[in-house]
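Engineer: Can you keep this structure in mind? I'll have questions shortly.
The values are calculated or read from the model by the stated rules, or taken from the named source; none is laboratory data. Source: prediction; values computed, not measured. Positions of Cβ are backbone-derived with ideal geometry, glycine not excepted, and every protein chain shown enters the neighbour counts. Just so you know, the surface numbers come from the protein's heavy atoms only, side chains and all, with ligands and any DNA or RNA stripped out. Shrake-Rupley method; radii C 1.70, N 1.55, O 1.52, S 1.80 Å.
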Amino acid sequence: MILQRFLQNRATSLAAGIVLGGLLLSALPSAAPRQGTGDGGNTAPQVEAHPLIPAFGTADSNRSMIAVTGIDLTGSSILYLVDTQGRHIAVYQATGGAESTQGLKLVGARRIDLDLQLEGYNDKSEYSVQELEKKFAEIGHGQHPAK
């Protein structure tokens, strides 16, 4: 029983860490090719260089809280706290350096219980939840879903 709770909490922490790590990586500037005229009318794609920002992070949890840390695009430390029982999230930014610039700032907080009831929001997936339910229902009835 204790082992099962331990594994469940670790799995939740790992999942939260992976999701937040993915969000951090997707927020990093990309070095996508850009079309330009360049020198002498050359229309070859040009690559704009962006500095890489390290995305370090860690996560841990207990029976009621998940804590995930990372570094934001400004280089400040970020702390995400998720209250799994009260269904709240809070995000803090910590800055270091000289005594005058040190601080802890609440970036944002909200109750997430209603968010977690959404079937989709700003979802750019290939299929909506309703379309997937329809396809799975067709498969369950021996029909092949139309492509």
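Engineer: From the list Gly75, Gly142, Gly120, which one is in a loop (DSSP other than H, G, I, E, B), open to solvent by 60 Å² or more (accessible area, probe 1.4 Å) and modelled with pLDDT under 90?
Structural biologist: Only one candidate passes the filter, namely Gly142.
Engineer: Testing Ala90 on (1) of a type outside the set (D, E, K, R); (2) assigned to a loop (DSSP other than H, G, I, E, B); (3) at pLDDT 90 or above, one condition comes back false. Which one is that?
Structural biologist: All conditions pass for Ala90, except number (2).
Engineer: Consider Val91 carefully, then state whether it is within 19 Å of Phe56 (Cα to Cα) and touching a helix residue (DSSP H, G or I) at 6+ places or on another chain (Cβ under 9 Å).
Structural biologist: No; evaluated as a whole, the condition is false for this residue.
Engineer: Looking at the stretch 124-136, can you tell me whether even one residue there is assigned to a strand (DSSP E or B), small (Gly, Ala, Ser) and surrounded by 12 or more Cβ atoms within 10 Å (Cβ to Cβ)?
Structural biologist: no
Engineer: So, in the stretch 93-116, how many residues would count as being assigned to a loop (DSSP other than H, G, I, E, B) and open to solvent by 90 Å² or more (accessible area, probe 1.4 Å)?
Structural biologist: The qualifying residues number 4.
Engineer: Between residues in the stretch 109-125 that are free of Cβ contacts under 8 Å to residues at least 60 places away in the same chain and residues that are surrounded by 10 or more Cβ atoms within 10 Å (Cβ to Cβ) and of a type in the set (Ser, Thr, Tyr), which pairs lie under 8 Å by C-beta distance while being six or more apart or on different chains?
Structural biologist: Gly120/Ser128
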